[in-house]
Structures are given as C-alpha cells and as structure tokens.
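The values are calculated or read from the model by the stated rules, or taken from the named source; none is laboratory data. The model shown is predicted, which means the values in this text are computed figures rather than measured ones. Positions of Cβ are generated from backbone atoms using ideal geometry, with glycine treated the same way; all protein chains shown enter the neighbour counts.
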Amino acid sequence: MNVSADVVGGEQVYIRLQNLPDKLRVALTKAMTLAMIDLRSYIASSKLSGQVLKVRSGTLRRSITQRIIDTSTGVTGIVGTNVKYAAVHEYGFQGQVTVKEHLRKLKSGDVANVSSFSRRMSMPQRSFLRSGLKDKKEDIQARLAKTINEVASGSDS
C-alpha cells in the first residue's frame, strides 16, 4: 500500500511528502511496519485458519510475510507469500494441467506407477490476501493519517 495512493487527497499528500523530513519518514516507516504486521496476522488468523481456505499442513499460513520498502518517494508495505499454489487460490484457475508421473499407494498396500497425464482443472477464486487488505484498508489508512497528523502537530507517536 502506497501512502500517496490511498490517503484521502492522495495527490496533494504525495506532493507534500515527496521530500519527507526524517522524523516523518521514520514515523511512517514504523506505522507501516506495525500495520503490515497486523495485516499479516489478520490474514493468517482470519483468512487462513479455515475461514477462506481449510488448513491442511499450515504451510501457506506460515509462509505469509511482510516487508517495508522505504524509497525517496514513499513508504510501501507488502504482505505476501512465495508458496507456488497461493496464486491459484488467490485468483482462481481454469485450464489444462500436466500431472507428473508418480507412485500411488493403493488400499491393498501395493504401489502402482501412474503415468504422466493432462487434465482440466477449474479452481474458484478464494482470495485471502486481497480480501484481507480490503478488510483492513480503513484501519491502515487511519493509522497512517494519525501518524502524519501527530508528526505535523509535533506530538510524539
């Protein structure tokens, strides 16, 4: 989330904050870091604990990370994952997939070799990242606006 794009009057804020004073940059970085930690926690606990996706191994839930990018033009917070199958759940998927050759254990206890094959896959969208951001957008905006107001008025955050 970029401060300039999501705060009311964003264009004016962007122009005023292009050359952020150090105190404001530090305060915004801290506020954005806390906001992204809260967002990551919210996604893991409220989206990936059975509400949007059922937990199988917990790998996706544990993979959610947050980071901050602080540049000369703003402070950006990112919450995401590097798990390969996350995008399929987030955006959905329809198309052909190739299943690699593999071994399958049968009910009898024997093992069978399954040859590679293609199949049609239709996975509905189950957004957990974008819906989590949508749920928390107002909280994040309020936190950043409060930080800007506190620094501008000379209060400690």
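The single residue among Gly132, Gly74 that is within 14 Å of the chain's Cα centre (by Cα) and of a type outside the set (S, T, N, Q) turns out to be Gly132. Within the range 92-112, residues that are farther than 30 Å from Val52 by Cβ reach partners that are loosely packed, with under 10 Cβ neighbours inside 10 Å and among the small types (Gly, Ala, Ser) with beta carbons closer than 6 Å, at six or more positions or on different chains, in the pairs Glu101/Ser115; Glu101/Ser116. Residues being surrounded by 15 or more Cβ atoms within 10 Å (Cβ to Cβ) and either within 30 Å of Glu150 (Cα to Cα) or touching a residue at least 60 places away in the same chain (Cβ under 8 Å) (or both) are represented in the range 78-86 by at least one member. With respect to the conditions (1) surrounded by 15 or more Cβ atoms within 10 Å (Cβ to Cβ); (2) in contact with a Lys or Arg (Cβ under 8 Å, 6 or more places away or on another chain); (3) modelled with pLDDT of 90 or more, Leu48 lacks only one, and its number is (3).
None of Val111, Val55 is within 20 Å of the chain's Cα centre (by Cα), among the β-branched types (Val, Ile, Thr) and surrounded by fewer than 16 Cβ atoms within 10 Å (Cβ to Cβ) except Val55. Would you say Lys54 is on the phi < 0 side of the Ramachandran plot and part of a loop (DSSP other than H, G, I, E, B)? Spelling it out, Lys54 is indeed on the phi < 0 side of the Ramachandran plot and part of a loop (DSSP other than H, G, I, E, B).
For the range 23-42, the candidate set comprises residues that are within 30 Å of Tyr85 (Cα to Cα) and touching an Asp or Glu at 6+ places or on another chain (Cβ under 9 Å); within that set, the residue that is surrounded by the fewest Cβ atoms within 10 Å (Cβ to Cβ) is Asp38.
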